[in-house]
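> Let me begin by handing over the structure; questions about it come next.
The values are calculated or read from the model by the stated rules, or taken from the named source; none is laboratory data. Note that the coordinates shown come from a computational prediction; the quantities given were computed from them, not determined experimentally. Methodologically, a virtual Cβ is constructed for each residue, glycine included, from the backbone with ideal geometry; neighbour enumeration extends over all protein chains shown. Note: accessible area is taken over every heavy atom of the protein model, side chains too, but ligands, DNA and RNA are not part of it. Shrake-Rupley method; radii C 1.70, N 1.55, O 1.52, S 1.80 Å.
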Amino acid sequence: VLGDMRELGAQSAHYHAELGRKLAASGIKTVFLAGEEIKPAYDVLAKESGVMVKYSVNWRGFLPELKEAVKQGGTVLIKASRALNFEEIFKEI
């Protein structure tokens, strides 16, 4: 579960797209993305076969799907800029 990296300034779109490329090459199966700045990562991942990707401007937009994924087991990593309040995800899942 990843969100905007708001510290990137003018290079934000470039680095978020690069994140998408690295995730696509990593073999990861499922990615949840939230925030306006992380949209370039979604655009890259949406084109890659084999990666299930969910995107919403706010993490609450994919919360039902995230809860279902957590029930299936595995490892969940959560990272975003503090401004996105991802700590609230822990309370929900």
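> Taking the solvent-accessible surface of protein heavy atoms with a 1.4 Å probe, what is the per residue accessible area of the chain in Å²?
About 62 Å² of surface per residue is accessible.
> Could you derive backbone 3J(HN,Hα) for the stretch 44-54 from the dihedral phi with the Karplus parameters 6.51, -1.76 and 1.60 (θ = phi - 60°), listing whole Hz in sequence and x where the residue is Gly or Pro?
With the stated coefficients, the stretch 44-54 comes to 5, 5, 5, 8, 8, 6, x, 10, 7, 10, 10 Hz.
> While we're on this one: Around Ala80, which amide H atoms from residues at least 5 apart in sequence, or from another chain, sit under 5 Å from its own amide H, with H modelled in the peptide plane?
Long-range HN contacts for Ala80: Gly3.
> Let me ask another. Divide by every residue of the chain the summed helix terms, -39500 (n - 2.57) for each DSSP H run of at least 4, and state the resulting mean residue ellipticity at 222 nm, rounded to the nearest 500 deg cm²/dmol.
-12000 deg cm²/dmol
> With a 10 Å cut-off between alpha carbons and a GNM built on the chain, which of Val31, Val76, Val57 moves the most?
Maximum among the listed residues: Val76.
> Sticking with this one: Find the relative contact order for the chain and round it to a whole percent, using C-alpha pairs within less than 8 Å whose residues are 6+ positions apart.
Details: 127 pairs, mean separation 30.0, N = 93.
Once divided by the residue count of the chain, the mean separation gives 32 percent.
> Taking amide hydrogens as modeled 1.01 Å from N in the peptide plane, which residues meet the under 5 Å criterion relative to Leu33, leaving out close sequence neighbours?
Residues meeting the criterion, in which the H sits 1.01 Å from N, are Leu2, Lys54, Tyr55, Ser56.
> I've got another one for you. Could you give the Stokes-Einstein D for the chain in µm² per second, using the C-alpha Kirkwood radius, 37 °C, 0.692 mPa s?
247 µm²/s
> Here's a follow-up. Could you please report the charge total around Trp59, scoring K, R as +1 and D, E as -1 over all other residues with beta-carbon less than 13 angstrom from its beta-carbon?
Computed value for this residue: -1.
> Can you give the extra length, in nm with one decimal, that the chain gains between Arg21 and Lys47 once fully stretched, where that is 0.36 nm per residue apart less the Cα-Cα distance?
Stretched fully, the Arg21-Lys47 segment lengthens by 8.3 nm.
> How much net charge surrounds Arg82 when only the other residues with a Cβ under 15 Å from the Cβ of Arg82 are counted, with Lys and Arg +1 and Asp and Glu -1?
Details: positive: Arg6, Lys79; negative: Asp4, Glu7, Glu37, Glu87, Glu88.
Within the 15 Å Cβ shell, the charges total -3.
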